[in-house]
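Accompanying notes for the structure given below.
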Amino acid sequence: MKTLSAGTSRPYTIHIASGLLARAGELCRNALPQAEKLALVTDSSVLPLYAGPLADSLEAAGFQVRCLIVPAGEASKCPEQLVVLWEQMMQFGMTRTDAVVALGGGVVGDLAGFAAATLLRGIDYVQIPTTLLSQVDSSVGGKTAIDLQAGKNLAGAFWQPSLVLIDPDCLNTLPDQAFSDGMAEVIKYGCIRDRAFFDLLDACGGRAGVMEHIEQVLYTCCDIKRRVVLADERDTGERMVLNFGHTIGHAFELAGNYETWTHGQAVAAGMNWAAQIGVGLGISPPEAVEPIQNILQKYGLPIDIPCPWDTLTNAVLRDKKNLGKRLHLIVLEALGHAVPYPVTFDQLLEQLEAMCGR
Ligand code: GLY
């Protein structure tokens with residue numbers, strides 16, 4: 001078993017091991033010594049795969065477990081579903097020493113995490129991510145949220161989990177498309193903080209190769225994220241490097257109305273664009289671009305996505321609005337080292353024009 005300690009405002013442990021689901025009971029008991037009741041939140045797709053063995057393990061450790069099921073899909077990350085969970089948790093008779101367990105991908109983790117952050121002014125929760133994307137990204141770092149009509153993740157809280165349990169065996173049931181999506185974020189960690197890791201992923205060459213090293217891959221991603229979050233838990237500085245490829249990626253997601261392109265595909269193409277824009281700004285080495293394009297294609301990810309000019313500039317403007325006067329584009333000083341780089345909107349427009357051949 002690989003273990004990491006995340007020393008955030010509420011410190012917690014991340015365990016990574018094959019077969020961990022069956023040991024969840026004892027590990028939750030250690031992390032939640034006072035809890036009696038656990039609300040096990042999962043979705044309709046994950047329920048038949050993993051909820052039964054997990055609930056058995058938790059009950060064997062002495063917890064009273066109630067399974068709360070939300071429909072699979074992003075639409076569940078909404079205020080209405082949050083209220084349903086709050087009510088179900090109170091009907092279960094939960095108190096401030098009880099806890100939530102989130103079993104599933106990013107939607108379940110974000111929603112259940114926000115329910116835990118807000119119920120009774122904040123109770124403990126455990127993340128048990130089952131997709132590659134959630135194992136390397138959303139389960140670590142304490143960002144919880146729901147979507148509003150005005151946009152994604154607009155209501156939420158920074159609320160650190162009490163424990164994260166990552167079982168790579170859950171990836172065996174993941175469709176290839178979902179695995180590729182997760183790989184976009186995995187590759188991102190190599191780009192932003194670890195050239196040797198980037199080279200390892202390049203050598204793995206595809207899903208089968210990655211699965212041969214999966215515990216190491218998950219450990220490296222979580223370790224990088226843990227270190228970045230430790231330096232900037234509330235996302236006002238260094239944590240922004242985790243958004244490499246995401247500013248332009250948001251535009252691509254919007255261009256496809258969040259249906260045509262997945263988050264991973266949009267981030268992949270966004271990373272290729274960000275690498276080239278970094279070169280245009282004179283910050284990134286030109287030789288960083290081709291390896292990024294090659295590795296994305298190896299993992300079945302796009303390096304470009306058609307996007308109307310207005311969608312592109314509006315998405316960039318939205319980031320500008322979110323961050324204040326200056327836009328911080330995440331650029332590579334080297335392949336393996338990203339930095340937030342302050343640009344004016346006009347500077348960025350010039351780069352986007354060059355990319356679009358305008
Ligand atoms: N997913 C980016 C972050 O947690 O900051």
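Taking first residues from the range 216-231 that are over 12 Å from G142 (Cα atoms) and partners that are not in a helix (DSSP H, G or I), the Cβ contacts under 6 Å between residues at least 6 apart in sequence or on separate chains come to L218/I16; L218/I166; Y219/K2; Y219/I16; C222/L4; C222/I14; C222/V140; D223/L4.
Just checking, does the range 233-241 include any residue being in contact with a helix residue (DSSP H, G or I) (Cβ under 7 Å, 6 or more places away or on another chain) and buried (at least 17 other Cβ atoms within 10 Å of the Cβ)? The answer is yes; a qualifying residue exists. In the range 253-267 there is at least one residue that is of a type in the set (V, I, T), within 16 Å of the ligand (Cβ to nearest atom) and either buried (at least 24 other Cβ atoms within 10 Å of the Cβ) or in contact (Cβ under 8 Å) with a residue 40 or more places away in the chain (or both).
If you go through the range 1-52 and keep only what is free of Cβ contacts under 8 Å to residues at least 40 places away in the same chain and crowded, with 19+ Cβ neighbours inside 10 Å, you end up with just G25. How many residues are within 14 Å of the ligand (Cβ to nearest atom), surrounded by fewer than 24 Cβ atoms within 10 Å (Cβ to Cβ) and over 28 Å from L27 (Cα atoms) when one looks only at the range 131-182? Total meeting the criteria: 2. Taking the range 275-299 as the range and being more than 18 Å from L349 (Cβ to Cβ) and out of contact with any Asp or Glu (no Cβ under 8 Å at 6 or more places or on another chain) as the test, the residues that pass are A275, P285, P286, E287, A288, V289, E290, I292, Q293, L296, Q297, Y299. Among the residues making up the range 55-83, those that are part of a helix (DSSP H, G or I) and either in contact (Cβ under 8 Å) with a residue 12 or more places away in the chain or of a type in the set (D, E, K, R) (or both) are A55, D56, S57, L58, E59, A60, E74, S76, P79, E80, Q81, L82.
For the range 107-141, the set of residues classified as in a loop (DSSP other than H, G, I, E, B) and under 13 Å from the mean Cα position of the chain (by Cα) consists of T130, T131, S139, V140, G141, listed by residue number.
Which one of V229, V241 is under 23 Å from L165 (Cα atoms), of a type in the set (A, V, I, L, M) and within 13 Å of the ligand (Cβ to nearest atom)?
V229
If the condition is being in a helix (DSSP H, G or I) and either closer than 13 Å to G205 by Cβ or not hydrophobic (A, V, I, L, M, F, W, C) (or both), then the range 284-301 contributes P286, E287, E290, P291, Q293, N294, I295, L296, Q297, K298.
FYI, it's all coordinate maths here, none of it is from the lab. What you see is a predicted model, and the numbers here were worked out from it, not measured in a lab. In this analysis, Cβ positions are derived from the backbone assuming ideal geometry, glycine residues included, and neighbour counts consider all displayed protein chains.
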